[in-house]
Each structure stands twice: as structure tokens, then as C-alpha cells.
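Right, one structure below, let's go through it.
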Amino acid sequence: MKTALLIVVYPGTETFLSDLVRSLENQTTKDFDVLLVNDGMDEVTLMHEFKNLQTKVLSSVGSIAGNREVGINYAIEQGYDALVFCDADDFYEKNRVEHSLEMLQKYDIYANDLTLVDESGDVLLEKYLSKAMREEAKKLSLGIIREKNMLGLSNTAIRLKDLAPIRIPKEIKVVDWYLFTKLLSLVKTAYFDNKTTTYYRQHSQNIVGLKKFTVEQYRAQLEVKLLHYRNLSDDAIYKNLYEKYLPLRQLTDEQIESIIAKSDKELPLWWEEIDYSINNI
């Protein structure tokens, strides 16, 4: 399969690029190109970091959604068969690309596990997703990611055959959830297993599951859900979910603190802790 790895790079990720590049250089298959969407880094420095990999630099369009859209559509236009998503601040088990391609022989979308690491790259928790789902392998459906998500842009790969150019609303910030909702709505097949992993770096922008979050984080995640559902509200299911989640904006700080204190989700998936069914209004 003609394969590309898509990475968006931006100021602030410089510290982590050496871990990323080393993990790509050590992949068990070397037959892939790297597509870098450069959102503000010095290109000379960037190309020096990736000098041992087949690399193409693409220009940023200055938005989170737009940068991913540029990279995905470039891969489609250039006739790649498979696209493996990577984040600039993460790194990867050596068989990640090879195993992803094996799974894309059978499925349209493949998702691997996450091992949480701290900013220095030290392991915090292995196989987070399979522990959270209590499943080592699982076929995935649209319903699984309707109110939560486990398909990120650092642990997934997609088959590009017959895929039309992607359009992502510019206001979307959580591109992964929107993208995979759209793909699965096209009756694309998807599969998860833990036979390879992404070393998923934990910091203030992406922390998942290890700490109780704050009232401010609860409100911010609620707005993510509302924006997601609003952009999908041409579908009656998502319109209904938008209407169900909207009243949560009226929760007081004390009510939110009570919800957080009573949360029984030890290892939540993304957005899972914002739940309209909790009767605290």
C-alpha cells in the first residue's frame, strides 16, 4: 500500500520532535512518506529533524481543522492508499505502521491502544484504551463514539480508496471526533486492538483520565460537545443530543463539583464524563 504519515507541526512541539522522529526511523517497515503540515516552525530546522525520512512539507492554512483537511486531501489527491495519523508530541511503538497497514487490508479504519506518558516520556499507564473499554480487540461502530470518543489523530489509520475529499468546518477544534463520526456514518468499517500502541504525551492540553478535572474543564468540555453536536445537527440523532446537553450550561459550580466528586468512571474515554443523563439540574 502506498502509505503516508500525516503530522501537523507547530511552535511548542520542538522539544518532542526527537522522540517522534526516532520512533518513525525505528518502524519495522520503512515504506512510507511523511507529510508535514507546517504551522509556523522554521522549515530548515524541520527538514533537518526529518532528514532520514521521505518528507514532504505542506503549507498551513492557519486553523486546526484546516491543517488536517489540507493533509488528508493532499494524500487523497496524490493517490496514497493509506494514511496513518501522528501527533508531533507523541511517539510510537516500532510496529505501529506495519500493524496498521495489516489491519487496513481488512478494515477502513484502524485504531491502536494508548500508553500514557509524562512530558519526559516516562510511562504513566499502559494500554489505557483496552483497560477503559475492557476489550483487547473490538469492532467499532458509529454508536460507540456518539457520546464519547476513542479515535484520535495519534492512534488511527484510514484507508483512502474511494474516499472523497474531506471538508471540516473551520470552527471545529476537536477534529478527530468530527472526522471519524463522518467516516463511520458512511458505513466505513473500523477495528480496535492493542497489538501496537501510541505513547500519548500527557500535558495540560490533552490530559485524559488520570485526574479529576475542574469545574472550568467540565464547562470547556461541555462546549466541545455542544459544538460537535451542533455541527452534526442535520442528523436528527445529533440534533436531539444537542438539545439534551444544552441545559447543562445552567449547572452551578456546586452542581458540577458534585458530579465530578461522584464520577465512577475511573478510566474515561474522551468527553465521556460530560453526561446529560446525570440528574443534577
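Structure summary
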| item | result |
| --- | --- |
| Neighbour net charge for Leu116 - beta-carbon separation under 9 angstrom, K R +1, D E -1 | -1 |
| Pairwise centroid distance, computed over Cα atoms, of segment 40-119 with segment 217-273, Å | 30 |
| Computed [θ] at 222 nm, helices only, for the chain once each DSSP H run of length n ≥ 4 contributes -39500 (n - 2.57) | -10000 deg cm²/dmol |
| For segment 185-190, 3J(HN,Hα) per residue [Karplus equation, 6.51 cos²θ - 1.76 cosθ + 1.60, θ = phi - 60°, Hz, x = Gly/Pro] | 5, 8, 6, 6, 8, 9 |
| The chain: antiparallel DSSP beta bridges as a percent of all, rounded to 5 | 40 |
| Nonlocal amide H pairs with Leu125, under 5 Å, H built at 1.01 Å | Leu116 |
| Relative contact order %, the chain, counting alpha carbon pairs below 8 Å whose residues are six or more apart | 20 |
| Charge sum, other residues only, whose C-beta stays under 13 Å from Gly62's C-beta, Lys/Arg counted +1 and Asp/Glu -1 | 0 |
| Whole-angstrom Cα spans of the chain along principal axes, big to small | 56, 40, 37 |
| Positive dipole terminus of segment 141-273, leading residue within Tyr229, Tyr199, Asn149 (C-beta point charges) | Tyr199 |
| D (Stokes-Einstein, µm²/s), Kirkwood Cα radius, segment 212-281, 1.567 mPa s at 4 °C | 104 |
| Furthest towards positive pole of dipole, Tyr238, Ser258, Gln217, structure part segment 212-281, Cβ charges | Tyr238 |
| Environment charge of Asn155, counting only residues whose C-beta is closer than 13 Å and scoring Lys/Arg +1, Asp/Glu -1 | -2 |
| D_trans [Stokes-Einstein, Kirkwood Rh over alpha-carbon pairs] for segment 1-135, 4 °C, 1.567 mPa s, µm² s⁻¹ | 83 |
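Taken together, the values in this text are just the output of simple stated rules run on the coordinates, not laboratory data. The structure presented is a predicted model; accordingly, all values stated were derived computationally and were not measured. Methodologically, a virtual Cβ is constructed for each residue, glycine included, from the backbone with ideal geometry; neighbour enumeration extends over all protein chains shown.
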